[in-house]
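Notes follow once the structure below has been shown.
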Amino acid sequence: PGRIQQPDDLTGQSVAVVRGTTSSIWAQIYGAKATSTSDLNAAIGLLKAGRVNAVMFDRPALQYFLQKQGHSDFKLAPFALAAQTYGFAFPDGSALRVPLDVEIVDMVRSGRIKAIEDRILQPAPQS
């Protein structure tokens, strides 16, 4: 643990990625040796078994996993490779699109989104 402290530290490291995610692309960009898995549990399984040095995946999902599973021997790297946004799909002409857009913007500006993230994605307990 602690070997990967900045993006350049990924070069040559064996990492698990989930097939079909952007993590595969980031692993390639930074010269990591990627092993593709079907899902996050399989990637974590490779890390537990010592077959990879790290798992590259969405930070909120990893935070949630560490919080729920209590893996104090695993730590999140102190950096992110990219910020990603998510979207909602509605049928053409949906009356929900504009109110949802307005509400999301209001939640971001007021800090409610950050408060929710902080509450739900608390750091994993340290032992």
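Structure notes:
- Some residue of region 77-92 being open to solvent by 90 Å² or more (accessible area, probe 1.4 Å), assigned to a helix (DSSP H, G or I) and under 30 Å from Gln6 (Cβ atoms): no
- Considered as a group, the residues in region 65-76 that are outside any loop (DSSP other than H, G, I, E, B) and not basic (Lys, Arg) include one that is most open to solvent (accessible area, probe 1.4 Å), and that residue is Gln69.
- Residue within region 45-60 that is of a type in the set (A, V, I, L, M), in contact with a Gly (Cβ under 8 Å, 6 or more places away or on another chain) and in contact (Cβ under 8 Å) with a residue 12 or more places away in the chain present: no
- Scanning region 4-29 for residues that are more than 26 Å from Ile120 (Cβ to Cβ) and crowded, with 19+ Cβ neighbours inside 10 Å returns Leu10, Ala27.
- Residue in region 32-54 that is polar (S, T, N, Q) and farther than 20 Å from Val17 by Cβ present: no
- The residue of region 47-64 that is most open to solvent (accessible area, probe 1.4 Å), among those that are within 17 Å of Thr11 (Cα to Cα) and not polar (S, T, N, Q), is Arg51.
- Of the criteria (1) within 17 Å of the chain's Cα centre (by Cα); (2) in contact (Cβ under 8 Å) with a residue 24 or more places away in the chain, which one Ala34 fails: (2)
- Being over 14 Å from Gly12 (Cα atoms) and open to solvent by 70 Å² or more (accessible area, probe 1.4 Å) is a property that Ile44 lacks.
- Members of region 7-64 that are part of a loop (DSSP other than H, G, I, E, B), closer than 25 Å to Tyr86 by Cα and among the hydroxyl-bearing types (Ser, Thr, Tyr): Thr21, Tyr30, Ser38
The values are calculated or read from the model by the stated rules, or taken from the named source; none is laboratory data. Since we're looking at a predicted model, the values are computed, not measured. Positions of Cβ are backbone-derived with ideal geometry, glycine not excepted, and every protein chain shown enters the neighbour counts. The protein model used for the area step is the full one, side chains on, heavy atoms only, and it has no ligands, DNA or RNA in it. Shrake-Rupley method; radii C 1.70, N 1.55, O 1.52, S 1.80 Å.
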